[in-house]
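Note sheet for the following structure.
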There are 2 protein chains.
Amino acid sequence: MLNRTYPGQACSIARALEVVGERWTLLILRDTYRGTRRFDDLQASLGVTRGVLASRLSRLVEEGLLERRPYQANPARFEYIPTAKGRELWPVLMHLLLWGDRYYPAPNGPPQVAEHTGCGGRLTPQLTCDQCGRQLGPGDVTLRPPAKQARSRRAAQLL
Amino acid sequence: MLNRTYPGQACSIARALEVVGERWTLLILRDTYRGTRRFDDLQASLGVTRGVLASRLSRLVEEGLLERRPYQANPARFEYIPTAKGRELWPVLMHLLLWGDRYYPAPNGPPQVAEHTGCGGRLTPQLTCDQCGRQLGPGDVTLRPPAKQARSRRAAQLL
DNA sequence: CGAGTGAGTTGCATGATGAGACTTAGGGAG
DNA sequence: CTCCCTAAGTCTCATCATGCAACTCACTCG
């Protein structure tokens, strides 16, 4: 979305979007997951302008989502590999994929299906609770200040 | 990110981003989850320009993520309520929140914590398999054409 | 009557993007 | 040696989107 900040937003969602919310950024990341990791390959695969691609890549490297690693010297050539920080955005991409498949299926031919490689199950489009394991929705979650005053104050309910 | 399309992208992620990838769109959606649902409230909460807000809202209504519902007549006044389709993007927002909290914690004071209202557990930042229930990462998922030839062809592995 | 509120629309200056040519450094063919 | 190719960028220019701020419109309240 922007190069700019979302000023005055205390929310982590806004801070996350300052890094990965610009046009093309998430698609570049997706391509690096899939193994498209060189400048010209990314450019061809995405159809993004070379200038924009260069600027997104350098931002992603700066922020530590990608590592710019030489794969040959003479002449020096580089590839962009997702770091742990970069890979942790994978769930975001997968949820977008599931949502897109559901509401905007591919015009010609059905969408790709994401399946668990060994077992054949599908990705669950749900978030779960790490204690009780139940599936959570907007109504099940409370945002509050962490630790310390543990249970004392109740903050804004999400939805 | 864009108003424009990501031409030539067959992927559902790109199609999803065509709808919700523009600057401000996801933050507007987040606010409607939280109960901020009127034009002026959204404008004040986000600090977005009135013009941009108007254009994003009308797009979201067009695409069926929000419903523009009058809450009074004379003078006619409206609020924007998330539809089921809009609410299903909640996991995307939550993963962004978890990721942002982890890598870009709020400068003053610790981040908000999302907890399961009844049980006190945290949101799992992981996707799971709907059959075996195991947590999945980029390496565990295969994208392939759906149904029909069920298991016959194996397509691009995600990472 | 005059001020206030909510939901927009309009106009201008600035910033970001798309299209496409140019650069740099080395490799290979003839 | 010269010409052409590849990879990874950089540069320029026209167009599009955004931010800022004022204006409109319809109705209500004091």
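The values are calculated or read from the model by the stated rules, or taken from the named source; none is laboratory data. This structure is a prediction, so every number in the text was calculated from the model and none was measured. Here the Cβ is made from the backbone with ideal geometry for all residues, glycine too, and neighbour counts use every protein chain on show.
Before moving on, here are some points about what is shown:
- Hits in region B:64-81 (condition: within 16 Å of DNA strand D (Cβ to nearest atom) and either within 15 Å of residue B:53 (Cα to Cα) or acidic (Asp, Glu) (or both)): B:78
- Helices (runs of 4 or more DSSP H) completely within region A:30-113 that count 2 or more residues being within 7 Å of chain B (Cβ to nearest Cβ) and in contact with a strand residue (DSSP E or B) (Cβ under 8 Å, 6 or more places away or on another chain): A:90-103
- Region B:124-145, residues that are within 20 Å of residue B:90 (Cα to Cα) and touching a helix residue (DSSP H, G or I) at 6+ places or on another chain (Cβ under 6 Å): B:125, B:127
- Within region A:40-60, tally of residues that are in contact with a Phe, Trp or Tyr (Cβ under 7 Å, 6 or more places away or on another chain) and more than 8 Å from DNA strand D (Cβ to nearest atom): 4
- Qualifying residue in region A:20-39 (condition: within 13 Å of the chain's Cα centre (by Cα), within 16 Å of DNA strand C (Cβ to nearest atom), closer than 27 Å to residue B:89 by Cα and among the small types (Gly, Ala, Ser)): yes
- Top-ranked residue of region B:127-136 - restricted to ones that are part of a loop (DSSP other than H, G, I, E, B) and facing chain A (nearest Cβ under 7 Å), ranked as nearest to residue B:97 (Cα to Cα): B:130
- Residues considered: B:75, B:70. Of these, the only one that is at pLDDT below 95 and in the same structural domain as residue B:23 (by TED's automatic domain parsing) is B:75.
- Residue check, residue A:15 more than 9 Å from DNA strand D (Cβ to nearest atom), outside any loop (DSSP other than H, G, I, E, B) and closer than 17 Å to residue B:99 by Cβ: yes
- Of the residues making up region A:65-74, at least one is away from DNA strand C (no atom under 16 Å from the Cβ) and not charged (D, E, K, R).
- You will find that of A:97, A:65, A:17, A:60, the residue that is modelled with pLDDT under 95 and buried (at least 23 other Cβ atoms within 10 Å of the Cβ) is A:97 and no other.
- Figure legend. Inter-residue proximity from region B:50-65: first residues assigned by TED's automatic domain parsing to the domain that holds residue B:24, second residues within 8 Å of DNA strand D (Cβ to nearest atom), beta-carbon distance below 8 Å, spacing 6+ or different chains. Indicated pairs: B:52/B:23; B:52/B:24; B:53/B:24; B:56/B:22; B:56/B:24; B:56/B:48; B:59/B:22.
- Among the residues of region B:58-92, those that are closer than 15 Å to residue B:25 by Cβ and aromatic (Phe, Trp, Tyr) comprise B:80, B:90.
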